[in-house]
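Before any comments, here is the structure.
The values are calculated or read from the model by the stated rules, or taken from the named source; none is laboratory data. The model shown is predicted, which means the values in this text are computed figures rather than measured ones. Positions of Cβ are generated from backbone atoms using ideal geometry, with glycine treated the same way; all protein chains shown enter the neighbour counts. Note: accessible area is taken over every heavy atom of the protein model, side chains too, but ligands, DNA and RNA are not part of it. Shrake-Rupley method; radii C 1.70, N 1.55, O 1.52, S 1.80 Å.
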Amino acid sequence: MTTSSVGIANLPNQRYKIVSERGGTFTMMVCGESGLGKTTFINTLFQTTLKQVDPQQRRHQPLKKTVDIDLTRAVLEEKNFKMRVNVIDTPGFGDNVNNNKAWQTLVDFIDDQHDSYMRQEQQPHRDVKFDLRVHVVLYFIKPTGHGLKPLDIETMKRISTRANLIPVIAKSDTLTLQELQIFKTRIRQVIEAQEIHIFTPPLDFENGESAAAGASTQDATAAEHARQLIEAMPFAIVGSTSKFDNGQGTQVVARKYPWGLVEVENDNHCDFRKLRSMLLRTYLLDLIITTQELHYETYRRLRLEGSNGNDDNANADSSMPLKAPARKLSHNPKYKEEENALKKYFTDQVKAEEQRFRQWEQNIVNERMRLNGDLEDIQSKVKKLEDQVRSLQLKKR
């Protein structure tokens, strides 16, 4: 039913104003072996230095047996719109000879954020929520040219059921175009055979002819762009924060070699622009919505249905939320050290307060003893005075 102008068409403008004032939050996890250029890629993606690149830092440090979680927060502003960006790095992943269950810390962190958000939703007051749910995981694949390692397959299978997964080939400029295409084909075959669910742009049209006939030009262009992104996956990327002259008087972000430049934003050299379009420019909202409506709702449903494998909850009331599992991040040595430091600080504070109370108690006892002594002296003096008064009265008689 069509009505005259009553103002309902202004709702999108109102929503735009609210979103512009509130800003947005985007959490991205980068996962892969050390030395694949994850930090450089992050700085190249956001065109600013979010993390300092220090290649000598980890080289002179002993290898860790566990995977750490490194969180970097930043607020980026573009055209008066503020975006709170959380970048989660995973130093130590895949760096050891024995990488058995190296993915466990990553999976625990993603589950822990879903659990934390669900706890906040169950509180009486939900005005302010701390949301660190991972919207996308970029898995960096080493450019070996052979295929995926068992660690890569197992990690991506675990992550893909909990978050939006996008595989990328790091340092793709180390492969020739032919080697890169063969490598991409092998990765796609393994992903399909292992049933690894990766994030793909939504396709609104299944038939290109019907789309061109029945849809607008804008929708057809968007569908074609989505197909190009899907065909380019896994994305072959090159990261750099340096600018060089491309020979035409233009400064471009590139990597310089003796034989020439590898331009980061040149589609003939790498897929960086396509990956940036998927992450930020075109499908950022789809990543956030998919995290909320698919991955978080799936976790929430499994938790409330009692699918966590606890036999103790088999006879429990299904309408009540199950008891939350123990915080798995406590197994991370980094968080264990922080927890022990906090416990020590709390214990020291309690001991200091107890010592102070004991001192106060001792002071009170000493003061009471002094007052009792003074009271006895006064009572003895009063008794002497009373005796003197009696003796004087007897003499008068």
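Please give the contour-minus-distance gain from Gln47 to Ala74: 0.36 nm per residue of separation, less the Cα-Cα distance, rounded to one decimal in nm.
On the way: separation 27, 0.36 × 27 = 9.72 nm, distance 1.27 nm.
Full extension of this stretch gives 8.4 nm more.
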If I ignore ligands, DNA and RNA and count only protein heavy atoms, how much of Glu305 is accessible to a 1.4 Å probe, in Å² to the nearest 10? 120 Å²
Extend 7 Å from the Cα of Glu337 along its Cα-to-C-beta direction; within segment 85-116, residues with backbone N under 14 Å of that point are 91-92
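Around Leu285, with a cut-off of 13 angstrom between Cβ atoms, what is the net charge of the other residues, counting Lys and Arg +1 and Asp and Glu -1? Please list the in-between numbers first.
Details: positive: Arg15, Arg281; negative: Asp286, Glu293.
Computed value for this residue: 0.
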Residues whose modelled amide H sits under 5 Å from the amide H of Ala236, counting only those 5 or more places away in sequence or on another chain, are Ile169, Asp271
Vicinal HN-Hα couplings computed from phi for segment 293-303 (Karplus, 6.51 cos²θ - 1.76 cosθ + 1.60; Hz; Gly/Pro x): 8, 10, 6, 5, 5, 5, 4, 5, 5, 5, 5
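Structure shown: which of Lys82/Lys274; Lys51/Lys157; Lys51/Lys256; Lys149/Lys256; Lys149/Lys243 lie over 32 Å apart, alpha-carbon to alpha-carbon? Let's see the in-between values first.
On the way: Lys82/Lys274 23 Å; Lys51/Lys157 28 Å; Lys51/Lys256 22 Å; Lys149/Lys256 30 Å; Lys149/Lys243 34 Å.
In this structure, Lys149/Lys243 lie more than 32 Å apart at Cα.
Taking Cα atoms of segment 330-397, Rg/Rh with Kirkwood Rh, to two decimals?
Expressed as Rg/Rh, it is 1.69.
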Could you check the simple spin-label distance between Thr161 and Ile18, using points 7 Å along Cα→Cβ, in nm with one decimal? 3.6 nm
Using the Karplus curve 6.51 cos²θ - 1.76 cosθ + 1.60 with θ = phi - 60°, what ³J(HN,Hα) values do you get for each residue of segment 112-128, in whole Hz, with x for Gly and Pro? 5, 6, 4, 5, 5, 5, 5, 4, 5, 5, 8, 7, x, 10, 10, 5, 10
What nm distance separates the two modelled labels at Ile289 and Ala9, each placed 7 Å from Cα along Cα→Cβ? 2.3 nm
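Ordered by packing density, taken as the mean number of other Cβ atoms within 10 Å over each peptide's residues, highest first, how do 133-143, 254-264, 347-357 rank? Mind showing how you got there, number by number?
Values: 133-143: 22.3, 254-264: 14.9, 347-357: 10.0.
Descending packing order for the listed peptides: 133-143, 254-264, 347-357.
Arranged from highest to lowest average of other beta-carbon atoms within 10 Å per residue, in what order do the peptides 274-286, 380-392 appear? Spell out each step's value before the answer.
Numbers: 274-286: 17.6, 380-392: 9.8.
Descending mean neighbour count gives 274-286, 380-392.
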Among 10-19, 187-196, 111-120, how do they line up from the highest to the lowest mean number of other beta-carbon atoms within 10 Å? 111-120, 187-196, 10-19
Segment 272-285 - phi-based ³J(HN,Hα) in whole Hz, Karplus 6.51/-1.76/1.60, Gly and Pro as x: 4, 5, 5, 5, 5, 5, 5, 6, 10, 7, 10, 10, 5, 5
